[in-house]
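Structure first, then comments.
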Amino acid sequence: MALLSEPLAADATLDDIRALLAPRIAAAAVFDGWTDEAVQAAAGECGIDPAVASFAFPSGAMDMIEAWVATVDTSLAQALPPEKLAAMKVRERIRAMVLFRLECTAGLEEALRRALAIEAMPQNLPRTLRMGWSSADLMWRLAGDTATDYNHYTKRTLLAAIYAATLAVFLDDDSADKAETQAFLDRRIDGVMRFEKAKARWTQPRESFSVTRFLGRLRYPAR
């Protein structure tokens with residue numbers, strides 16, 4: 001993932017500081033873990049006061065991880081805006097976005113592995129689920145989804161689960177060009193597409209049986 005290189009403005013907010021530091025913290029987390037040491041290393045690269053850098057992540061590792069995920073979300077929205085995705089089929093849009101997110105973590109697998117371990121801690125699960133939902137929601141919105149009924153929730157829940165499962169495969173994938181990960185992702189997406197088609201058939205309004213209409217047809221058969 002390309003690091004942001006723009007100098008920090010004098011009136012930068014804590015959100016600006018987090019966005020600038022997060023990718024560099026992730027790079028440092030490969031060796032230092034999601035620790036204050038990683039924050040200080042990132043701050044040194046950016047010329048940010050170490051105390052300010054630490055203040056930007058008051059809850060520690062989960063703040064750092066969430067900021068990193070947010071930078072991936074931002075990069076995704078910039079690289080694959082709706083107008084660029086519009087020419088693709090829905091399954092191709094989802095595939096492209098998930099693969100883009102994986103590419104953002106290339107070379108940072110150890111940082112990702114450590115982040116997932118932290119996210120899986122019981123005290124962090126509610127926040128982890130919110131982060132996964134937010135990223136899935138962004139991908140569906142970029143894909144053009146406008147559902148507001150229960151489909152809104154099922155689509156995001158399924159995509160969050162697919163992405164989480166694909167990340168697990170990605171981390172242990174030693175195949176050329178992560179071919180096993182791509183094949184796994186394709187199978188999961190195909191499964192969701194089949195489910196969506198079946199669901200559409202189940203929920204399609206059916207004409208109810210009418211005794212009056214049936215008797216009328218017996219009396220006046222169609223010619």
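The residue that is farthest from Gln78 (Cα to Cα), among those in segment 136-164 that are outside any helix (DSSP H, G or I) and not hydrophobic (A, V, I, L, M, F, W, C), is Asp149.
With respect to Ala26, determine if the residue is modelled with pLDDT of 95 or more and closer than 19 Å to Glu103 by Cβ. If you could, list the steps in order and put the result at the bottom.
Details: modelled with pLDDT of 95 or more: yes; closer than 19 Å to Glu103 by Cβ: yes.
Yes, satisfied.
Scanning segment 29-52 for residues that are within 15 Å of Glu66 (Cα to Cα) and at pLDDT below 95 yields no hits at all.
In segment 172-187, the residue that is farthest from Leu158 (Cα to Cα) out of those that are of a type in the set (A, V, I, L, M, F, W, C) and at pLDDT 95 or above is Ala179. Within segment 53-74, being of a type outside the set (Gly, Ala, Ser) and either modelled with pLDDT under 95 or within 18 Å of Ala120 (Cα to Cα) (or both) holds for Met62, Asp63, Met64, Ile65, Glu66, Trp68, Val69. Number of residues in segment 28-60 that are surrounded by 22 or more Cβ atoms within 10 Å (Cβ to Cβ) and assigned to a helix (DSSP H, G or I): the value is 7.
Among the candidates Ile25, Ile94, Ile17, the residue that is farther than 25 Å from Leu125 by Cβ and either free of Cβ contacts under 8 Å to residues at least 40 places away in the same chain or buried (at least 16 other Cβ atoms within 10 Å of the Cβ) (or both) is uniquely Ile17. Here Phe57 passes the criteria (1) in contact (Cβ under 8 Å) with a residue 24 or more places away in the chain; (2) of a type outside the set (D, E, K, R); (3) touching a Ser or Thr at 6+ places or on another chain (Cβ under 9 Å) except the one numbered (3).
Criterion applied to Trp133, Trp68 was being among the hydrophobic types (A, V, I, L, M, F, W, C), farther than 24 Å from Leu20 by Cβ and assigned to a helix (DSSP H, G or I), and the one residue passing it is Trp133. When restricted to residues that are of a type in the set (A, V, I, L, M), closer than 20 Å to His152 by Cα and either modelled with pLDDT under 95 or exposed (fewer than 15 other Cβ atoms within 10 Å of the Cβ) (or both), segment 97-139 contains 1.
The values are calculated or read from the model by the stated rules, or taken from the named source; none is laboratory data. Just so you know, these numbers come straight off a predicted model, no measurement behind them. Methodologically, a virtual Cβ is constructed for each residue, glycine included, from the backbone with ideal geometry; neighbour enumeration extends over all protein chains shown.
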